[in-house]
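Notes follow once the structure below has been shown.
The values are calculated or read from the model by the stated rules, or taken from the named source; none is laboratory data. Please read these numbers as outputs of a predicted model, since none were measured by experiment. All Cβ positions, glycine included, derive from the backbone under ideal geometry; neighbour counts span all protein chains shown.
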Number of protein chains: 2
Amino acid sequence: MRELGEFALIERINSGRVQAPGVLLGPGDDAALVAAPDGRFVVTTDMLIQDRHFRLDWSGPRDIGRKAIAQNAADVVAMGAVPTAFVVAFGCPADTPLELVDALTDGMWAEARRAGGSIAGGDVVRSPQLVISVTAFGDLDGRAPITRAGARVGDTVAVVGRLGWSAAGLAVLTAGFDPADEFSAEALAAHRVPQPPYSAVLAVVADSAAGVDNPGVSPAEGVLGSERVGVSDQHAVEFGVEGIIGSATEVPAIPTALTDISDGLLADLGHIAEASGVAIDIHLKTLRDPALATIAQRLDADAAQWILTGGEDHAFAGTWPAHRELPPGWVPIGRVLAGHGVTVDGARHPGSGGWESFSGVDSASEPEPR
Amino acid sequence: MRELGEFALIERINSGRVQAPGVLLGPGDDAALVAAPDGRFVVTTDMLIQDRHFRLDWSGPRDIGRKAIAQNAADVVAMGAVPTAFVVAFGCPADTPLELVDALTDGMWAEARRAGGSIAGGDVVRSPQLVISVTAFGDLDGRAPITRAGARVGDTVAVVGRLGWSAAGLAVLTAGFDPADEFSAEALAAHRVPQPPYSAVLAVVADSAAGVDNPGVSPAEGVLGSERVGVSDQHAVEFGVEGIIGSATEVPAIPTALTDISDGLLADLGHIAEASGVAIDIHLKTLRDPALATIAQRLDADAAQWILTGGEDHAFAGTWPAHRELPPGWVPIGRVLAGHGVTVDGARHPGSGGWESFSGVDSASEPEPR
């Protein structure tokens with residue numbers, strides 16, 4: 001890479017890429033230009049450090065690229081927004097093999113496409129270890145953002161997507177992988193590349209937009225109108241949700257509060273409870289996962305602990321108006337109550353911490369803090 | 001910092017901060033929400049690595065924070081856009097003193113304010129060394145972006161802001177600082193904190209927006225209309241440009257191409273020449289700087305080399321329609337010609353490289369590549 005130089009490397013990274021319709025001006029100038037059809041944009045950023053958030057001997061560069069994009073796209077979707085674009089700042093040693101950069105970049109593009117956007121620009125610098133900093137953008141199409149602060153007493157708590165599988169994969173890596181065990185392979189894959197169920201949220205919000213007017217919000221009209229339609233159509237096709245959108249007979253429910261599970265179920269529900277000024281109680285039996293229990297038994301571990309406190313699966317948790325049918329894929333797991341804090345079957349869960357950057361263990365390195 | 005933990009640290013960083021009007025939802029949820037009044041936003045990202053882009057024994061954390069924001073804000077302004085918001089991903093060792101983080105954050109906020117925006121969100125992670133990744137946003141207020149691709153044969157090449165001072169500061173640091181020399185102190189300050197002349201660009205583009213209609217562009221109207229006016233007014237007051245805006249008697253010229261000087265004057269003009277399919281010739285005598293020459297003489301260095309190839313000053317270079325008066329502060333330095341490449345008084349300049357991430361020397365460390 002030293003021979004190639006920064007500008008040639010950037011050209012290589014961007015060669016042959018096709019930008020999403022919302023990227024009006026891609027890489028190559030002082031800055032990119034991205035469409036924000038409703039006059040606002042959702043933005044989130046996450047940094048991944050080698051040997052802290054990933055290990056090259058545990059994950060391939062393509063998987064690391066996908067994970068970096070996925071965890072940011074999940075944050076965008078957790079606001080009820082449709083991902084539109086990403087920018088990536090990337091640091092690596094001068095002797096990094098070009099093949100590694102190619103695979104990493106390919107992984108990023110693949111996940112960006114899966115989420116519905118493209119990579120509009122970035123920065124490449126020299127660094128002692130790999131550092132990946134992704135910033136992700138989304139469009140609300142005139143809707144209000146779904147924050148963590150809207151949960152109301154009586155709401156149903158529900159999740160969509162797998163819980164505890166990334167933690168199980170980490171345990172498998174730490175204990176030594178048994179190739180004969182199919183569930184372990186699945187856990188490993190879940191740890192390497194989370195698969196946030198973007199469509200299970202986006203179908204719901206698209207559905208709500210189709211069923212109601214939003215008189216208080218005035219999206220941009222005119223030059224960008226066609227891109228807006230393009231984005232929605234693209235998602236409908238990509239995620240196979242045309243049928244759901246077309247079949248709405250009443251205005252469907254949307255979550256009153258929503259988040260993605262990045263720090264662990266209890267920790268992230270704790271964020272909703274705190275932001276909304278409510279308590280949340282969840283029922284452990286609704287979260288049982290026989291396959292995960294099989295892995296846990298082999299490793300003498302506790303599957304419930306993985307499910308309740310394991311982060312990085314990037315499932316979604318939301319609170320929903322009571323007495324309304326949940327959309328496909330969403331599983332009810334508890335109830336919003338008056339008070340504060342999160343309980344499991346009415347009791348505090350021991351060691352309900354979850355991921356914090358400056359305490360506890362690394363998600364992708366030895367269990368000992370360094 | 002280890003004791004404080006991630007969430008308390010984030011709370012500390014954001015405590016007491018007042019967001020710019022364009023930040024509709026700040027830190028604390030899965031993502032932030034930022035206004036994009038004209039239905040598009042300009043975005044750029046830069047990553048700074050400790051001992052590669054800055055050294056803690058050469059720059060204080062407040063200066064480093066200012067520099068990180070300034071170099072991104074300069075990229076936004078170099079598109080002709082008004083900075084609106086920033087997000088910052090930040091990595092640091094667990095034993096980093098809280099005072100360092102406080103000073104770094106204060107510096108970021110100070111420069112974000114100077115540029116006209118605020119810090120809408122971010123991420124804090126553990127890392128072996130300091131890593132700062134800034135993403136900056138800007139609004140074009142209905143105007144076309146000013147890219148590097150618009151230069152036309154016959155245009156005047158002009159710059160605004162100082163050139164070579166950051167390189168001189170680096171030379172002073174390497175050679176050993178002489179506190180008796182006032183120019184050296186100035187060069188040192190220029191290296192530690194670039195001061196991009198945002199207003200010299202923003203006054204021009206605001207002026208052009210006041211003087212012409214943009215029939216091909218339809219900015220968002222409605223809920224966000226008041227913020228648009230607010231941003232312009234705020235800038236007019238902050239930069240003292242009301243007089244300039246008010247006194248326009250004819251539609252003023254705007255640059256046909258524009259960039260900020262981050263890689264070095266010759267390298268960055270080379271980007272314009274290549275993107276526009278033209279050649280550029282500059283006249284060395286227009287760039288003479290007696291104070292810089294004084295420093296160079298003392299260090300037995302070449303001031304012209306600093307001016308032509310020193311990066312990181314974040315001055316602006318633009319090409320302008322010929323036979324039109326340049327706005328205040330802009331200095332004509334050359335001419336756009338048919339052909340390709342950049343020449344100095346008609347000849348190729350030896351060693352006209354400029355900054356590249358994987359070749360040459362570090363901007364803030366020993367001259368030897370590592």
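Below is a table of values for the structure above.
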quantity	calculated
Among the residues listed as A:TRP165, A:TRP109, the single one being closer than 23 Å to A:VAL42 by Cα and within 16 Å of the chain's Cα centre (by Cα)	A:TRP109
Residues that are in contact with a Phe, Trp or Tyr (Cβ under 7 Å, 6 or more places away or on another chain) and of a type outside the set (A, V, I, L, M), drawn from the stretch A:35-51	A:PHE41
Count of residues meeting criterion [out of contact with any helix residue (DSSP H, G or I) (no Cβ under 7 Å at 6 or more places or on another chain), within 23 Å of B:ASP139 (Cα to Cα) and of a type in the set (D, E, K, R)] in the stretch B:1-39	1
Residues that are of a type in the set (A, V, I, L, M), outside any strand (DSSP E or B) and more than 18 Å from B:ASP313 (Cα to Cα), drawn from the stretch B:38-75	B:LEU56
Yes/no for A:GLY122 being at pLDDT below 95, part of a strand (DSSP E or B), facing chain B (nearest Cβ under 9 Å) and surrounded by 22 or more Cβ atoms within 10 Å (Cβ to Cβ)	yes
Matching residues, the stretch A:259-277, being surrounded by fewer than 23 Cβ atoms within 10 Å (Cβ to Cβ) and of a type in the set (A, V, I, L, M)	A:ALA267, A:ALA275
Of residues in the stretch B:21-37 being surrounded by fewer than 24 Cβ atoms within 10 Å (Cβ to Cβ) and assigned to a loop (DSSP other than H, G, I, E, B), the one farthest from the chain's Cα centre (by Cα)	B:GLY28
Hits in the stretch B:256-269 (condition: under 19 Å from A:ASP123 (Cα atoms) and not hydroxyl-bearing (Ser, Thr, Tyr))	B:ASP260, B:ILE261, B:ASP263, B:GLY264, B:ALA267, B:ASP268
Residue satisfying all of: in the stretch B:327-370; in contact with a Gly (Cβ under 9 Å, 6 or more places away or on another chain) and at pLDDT below 50; nearest to B:ALA206 (Cα to Cα) among these	B:SER363
Any hit, the stretch B:40-49, residues being more than 10 Å from chain A (Cβ to nearest Cβ), of a type in the set (Lys, Arg) and either more than 20 Å from B:ASP141 (Cβ to Cβ) or in contact (Cβ under 8 Å) with a residue 24 or more places away in the chain (or both)	no
Residue tally, condition touching a residue at least 60 places away in the same chain (Cβ under 8 Å), more than 10 Å from every other protein chain (Cβ to nearest Cβ), farther than 18 Å from A:ALA144 by Cα and not charged (D, E, K, R), over the stretch B:1-26	4
Residue identified as more than 30 Å from A:ALA338 (Cβ to Cβ), away from chain B (no Cβ under 14 Å) and without any contact (Cβ under 8 Å) to a residue 24 or more places away in the chain among A:LEU173, A:LEU188	A:LEU188
Filtered residues of the stretch B:332-354 (kept if surrounded by 14 or more Cβ atoms within 10 Å (Cβ to Cβ) and not polar (S, T, N, Q))	B:PRO332, B:ILE333, B:GLY334, B:ARG335, B:VAL336, B:LEU337, B:GLY341, B:VAL342, B:VAL344, B:HIS349, B:GLY353, B:GLY354
Within the stretch B:80-99, tally of residues that are within 12 Å of B:ILE13 (Cβ to Cβ) and either free of Cβ contacts under 8 Å to residues at least 60 places away in the same chain or in contact with a Cys (Cβ under 8 Å, 6 or more places away or on another chain) (or both)	2
Hey, A:ASP29 closer than 28 Å to B:VAL124 by Cα, within 7 Å of chain B (Cβ to nearest Cβ) and either among the charged types (D, E, K, R) or out of contact with any Asp or Glu (no Cβ under 9 Å at 6 or more places or on another chain) (or both) or not	no
